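The values are calculated or read from the model by the stated rules, or taken from the named source; none is laboratory data. Remember, it's a predicted structure, so these values are computed and weren't measured experimentally. For neighbour counting, all protein chains shown are included, and Cβ atoms are generated from backbone atoms with ideal geometry for every residue, glycine included. Surface accessibility is based on the protein's heavy atoms, side chains included, excluding ligands, DNA and RNA. Shrake-Rupley method; radii C 1.70, N 1.55, O 1.52, S 1.80 Å.
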Amino acid sequence: MKFFADTAIVDDLKALDELGLLDGVTTNPTLIAKSGRDFKEVIAEICSLTEGPVSAEVAALDFSGMVAEGECLATLGSNVVVKLPLTLDGLKACRYFSGKAVKTNVTLCFSANQALLAAKAGATYISPFVGRLDDINTDGMELIREIRVIYDNYEFGTEILAASIRSANHVKEAALAGADIATIPPAVIKGLANHVLTAKGLEQFTKDWQATGQSIL
Ligand code: G3P
């Protein structure tokens, strides 16, 4: 499963890249606002620090506005992916860009039928929001499982990009469900390495090694 970082904070992206854990980046208007930076400037910088796909979301709600904004965003880097909302206008724009060989990420997906529409529109990626479904006492991971079955039934090329990932358990469950990608907050990615028994075992190894009085070098 590919790991995309769900952030527009460049320092966090550089740290993940150094760990070899940066397969791509997703942003959205909220994450851009959190960065405090100019949208087009930060997207261009992110595109320069990774070869992976970088999702940049349109703000327009109408088809023509989405097309104009998406075409502008696509000029910021060869790895830009135009992010479009799962609305009829967004799906129409998705079909437009898929005909232009511009990669698309259809976002704010909350149902299998929505994901089916995105695949039929030629979306490169679909972003089902797991955490936000959990927030309303719905099993967000069940949506990933449903989309996986539907996409495999009809051999759709759209990649499942599990989004709104909030925890290490979400990462594990998304992988078990067969998501192609998970877009994950950097802190959650780094936290995947943590386990209390690993820390405890290393502490004991270190103590016992020090007691030998030896050194390797
Ligand atoms: O990529 C979508 C993600 O940023 C949404 O996450 O936690 O706001 O539901 P969240």
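Couple of notes before you dig in:
- Inspection of the range 13-27 identifies no residue that is in a strand (DSSP E or B), open to solvent by 20 Å² or more (accessible area, probe 1.4 Å) and either touching a helix residue (DSSP H, G or I) at 6+ places or on another chain (Cβ under 9 Å) or closer than 24 Å to Ala175 by Cβ (or both).
- If you go through the range 112-147 and keep only what is within 16 Å of the ligand (Cβ to nearest atom), outside any helix (DSSP H, G or I) and closer than 16 Å to Thr87 by Cβ, you end up with Ala123, Ile126, Ser127, Pro128, Phe129.
- Selection count where residues are of a type in the set (Lys, Arg) and closer than 25 Å to Thr138 by Cα, scope the range 65-112: 1
- Hits in the range 74-84 - residues which are within 16 Å of Gly122 (Cβ to Cβ) and either touching a Cys at 6+ places or on another chain (Cβ under 9 Å) or surrounded by fewer than 22 Cβ atoms within 10 Å (Cβ to Cβ) (or both): Ala74, Val82, Leu84
- Answer residue from the range 49-69, given it is among the polar types (S, T, N, Q) and within 18 Å of the chain's Cα centre (by Cα) and is surrounded by the most Cβ atoms within 10 Å (Cβ to Cβ) among those: Ser55
- Which listed residue, of Ile165, Ile126, Ile144, Ile181, is surrounded by 13 or more Cβ atoms within 10 Å (Cβ to Cβ), of a type in the set (Val, Ile, Thr) and in contact with a Leu (Cβ under 6 Å, 6 or more places away or on another chain): Ile181
- Filter result for Thr7 (under 16 Å from Leu161 (Cα atoms), within 14 Å of the ligand (Cβ to nearest atom), hydroxyl-bearing (Ser, Thr, Tyr) and crowded, with 17+ Cβ neighbours inside 10 Å): yes
- The residue pairs whose first member lies in the range 183-199 and is within 12 Å of Leu16 (Cβ to Cβ), whose second member is open to solvent by less than 80 Å² (accessible area, probe 1.4 Å) and assigned to a loop (DSSP other than H, G, I, E, B), and whose beta carbons are closer than 6 Å, counting only pairs six or more residues apart or on different chains, are Ile184/Ile165; Pro186/Thr7; Ile189/Leu21.
- Condition check for Ala179: free of Cβ contacts under 8 Å to residues at least 60 places away in the same chain, away from the ligand (no atom under 11 Å from the Cβ), small (Gly, Ala, Ser) and within 28 Å of Leu19 (Cβ to Cβ): no
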